[in-house]
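Report on one structure; see the data block that follows.
The values are calculated or read from the model by the stated rules, or taken from the named source; none is laboratory data. Small disclaimer: the values here were computed from a predicted structure and weren't measured. Counting neighbours? That spans all protein chains shown, and the Cβs are built from the backbone with ideal geometry, glycine included. Side chains are part of the model used for accessible areas, which takes the heavy atoms of the whole protein and leaves out ligands, DNA and RNA. Shrake-Rupley method; radii C 1.70, N 1.55, O 1.52, S 1.80 Å.
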Amino acid sequence: MTTIEIDVSKVAEDARRVLAANRQKGVSEWNGRAYDFVCPSPRSYPFQWMWDSCFHAIALLSVDPELAKQELRCLLQGAQPDGFLPHMLLWEKKFHAAALREYSIVLADPYYTATTQPPVLARAVWRVYQATKDRDFLLEVLPATMRYFRWLKAYRDPDDDHLIALIQPDESGLDASPKYDRLMNLHNVAAEEMADALRQSMDRLFGAYAPHREDPARLLALDVFNWEDVMVNSIYADGLQCLGGLCREAGYPPAEAAEFERRARRVLSALEEKCWDERTGVFWDLYGYEENRAHVLTFTSLFPLILDSLDRHMVWRLVEEHLLNEREFWLPFPVPSVAGTEPSFDPEYQTRAMWRGPTWVNSNYYLYWGLRAHGYRDVATELAKRTVQMVGTGGMREFFNPYTGTAYGAVDFGWTALVLDLIHAEGWLP
Ligand code: GLC
């Protein structure tokens, strides 16, 4: 029996408070559309971000399933006729000028960005449907969700190897992860210069893309940033599998369910064949037309653990040799975004650049369920326990020092409320 030296109900209460306090509601100047969603953090991130909203929807299931549905409905207002879903929806015009100053983004329209984010959407729809069995909701959101996954296949897999590619680092949601340093020319940059250098490097990328924006399918062919990311593709494969099940639930033609399930298997096979490294026992991202392996050990390398059908031998090596390795990932507050053994590891956020060492709750949420699916029930419970302790100590912040639990980044951060899902899964609240 796990003992928790923290008041779990207080952590849960704080998570619920943030989910309520971060709600943004109103009518946008964007064609008079009504919006009603949870933003990541009112002060730092007042807009709707795609993977954040999917995580918020999952967390909201522990509060009120109607709000979880609302979150996804609002997000899907950004769905485009060709299937594209933008990474940010900028509902409120009064925040636009600051956003364009502060973030490295390119807009496709005044109200949404030209980039996307990890496809957590299908998993979120799956969770909401499992919790509510609301068939009308399913029939409402499933078509746009399927269209988005078909868009990814059509526009983001030009080499047809079943792995989708990113056009810029923050499409993975892992903006400044050191795995991208080489391609972004950031490998010899001093800590205090990192944020500026990243911005310049993003501007270089945008400059290269500018003449081709009208034809998004060409951007990867320029080969300035063509990145097949193991975390993104694990989330993609998981989503395809969820879509297969959802198509069956919706009573769609069996061939449609089979299409998504077959594609899920192909993505997993491609990960196992192209990204697995039997020597080191981890998965590596691939970059460039030549598909070079990015040998930087981050939690991404463990992410295929979220897939139920992952090869047993690979599961064993990922967990026993790496996740539970106290020098790499099993730090006092696991799982750090970068392994403790990497030269770029920055647990104290000295670079002021994100995803270079601290621990985040969204990745722990995914890995928790992956561990459970593979029979590592005790490890999952221990991960949940330390995650709750970390949030209990540091508060509802954006990310945490993996040694001390010291919190950094945005305050009242939305997806940190995923602790609610872990708390409920463990049965730690009456
Ligand atoms: C940061 C994160 C990104 C997240 C966004 C809003 O840019 O790197 O993953 O979606 O903030 O929370």
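Assuming R0 = 51 Å, what is the FRET efficiency of V27 and A221, from their Cβ-Cβ distance, to the nearest 0.05?
Details: r = 40 Å, r/R0 = 0.79.
Working from the Cβ atoms, E equals 0.80.
Can you tell me the FRET efficiency between R150 and D378 if r is taken as the Cβ-Cβ distance and R0 is 41 Å, rounded to the nearest 0.05? Here the calculated transfer efficiency is 0.55.
Across all C-alpha atoms in the range 268-341, the radius of gyration and Dmax reach 12.1, 39 Å.
Globularity index of the range 28-89 is 1.10 (Cα radius of gyration / 2.2 N^0.38 Å, N = number of residues). By the equivalent-ellipsoid construction on the alpha carbon gyration tensor, the range 363-430 comes out with semi-axes of 21, 12, 11 Å, ordered largest to smallest. In loop segments of the range 19-115 as defined by DSSP, the GluC sites (Glu not before Pro) with at most 15 further C-beta atoms inside 10 Å of their C-beta are E29. Coupling constants for the range 270-280 follow from the phi torsions by the Karplus curve (6.51 cos²θ - 1.76 cosθ + 1.60, θ = phi - 60°), and in residue order they are 5, 4, 5, 7, 9, 10, 6, 10, 5, 5, 8 Hz; glycine and proline get x. Only lysines eight or more places from K133 in sequence, or on another chain, were considered; those with a Cα closer than 22 Å are K69. Within straight-line reach of K385, meaning a Cα separation under 23 Å, sit the following lysines at least 8 residues removed in sequence or on another chain: K10. Counting only lysines at least 8 places from K179 when in the same chain, those with an alpha carbon closer than 27 Å to its own are K153, K274. Between Y403 and L429, the modelled labels are 3.4 nm apart [label points 7 Å from Cα along Cα→Cβ]. Classify the chain as rounded, prolate or oblate, taking a ≥ b ≥ c as the square roots of the eigenvalues of its Cα gyration tensor: rounded when a/c is under 1.5, otherwise prolate if a/b is larger than b/c and oblate if not. Rounded is the answer for the chain, as its axis ratio a/c remains below 1.5. Surface composition of the range 189-299: carbon plus sulfur atoms hold 49% of the accessible area, using a 1.4 angstrom probe and ignoring ligands, DNA and RNA. Taking all Cα pairs closer than 8 Å and separated by 6 or more residues, the relative contact order of the chain comes to 18 percent.
A P(r) calculated from all alpha carbon pairs of the range 32-168, with 10 Å bins opening at zero, reads 11, 42, 34, 12, 0 percent. The residues of the range 147-249 expose on average 39 square angstrom of accessible surface per residue, using a 1.4 Å probe on protein heavy atoms.
Of the GluC sites (Glu not before Pro) found in the range 288-369, the ones in coil according to DSSP and having at most 10 other Cβ atoms within 10 Å of their Cβ are E290, E326. For the range 259-344, the list of trypsin sites (Lys or Arg not before Pro) that fall in a loop by DSSP and count at most 15 other C-beta atoms within 10 angstrom reads R279, R327.
Accessible surface calculations at 1.4 Å, restricted to protein heavy atoms, place the range 336-430 at 29 Å² per residue. For D134 and H96, FRET efficiency with R0 = 41 Å and r from the beta-carbon atoms, rounded to 0.05? Taking R0 as 41 Å, the efficiency between H96 and D134 is 0.75.
Working from label points 7 Å from Cα in the Cα-to-Cβ sense, the S9 to H295 distance is 5.3 nm. Working from label points 7 Å from Cα in the Cα-to-Cβ sense, the N185 to R248 distance is 5.1 nm.
Rounded, prolate or oblate: pick one for the range 290-430, where a ≥ b ≥ c are the square roots of the eigenvalues of its C-alpha gyration tensor, a/c under 1.5 means rounded, and failing that, prolate if a/b is larger than b/c, else oblate.
Details: a/c = 1.81, a/b = 1.06, b/c = 1.71.
Oblate, since a/c reaches 1.5 and b/c is not below a/b.
Per residue, the convex hull spanned by the Cα atoms of the range 337-382 amounts to 80 cubic angstrom.
Percent of Cα-Cα pairs more than 20 Å apart in the range 70-139, please. For the range 70-139, the fraction of Cα-Cα distances above 20 Å is 39 percent.
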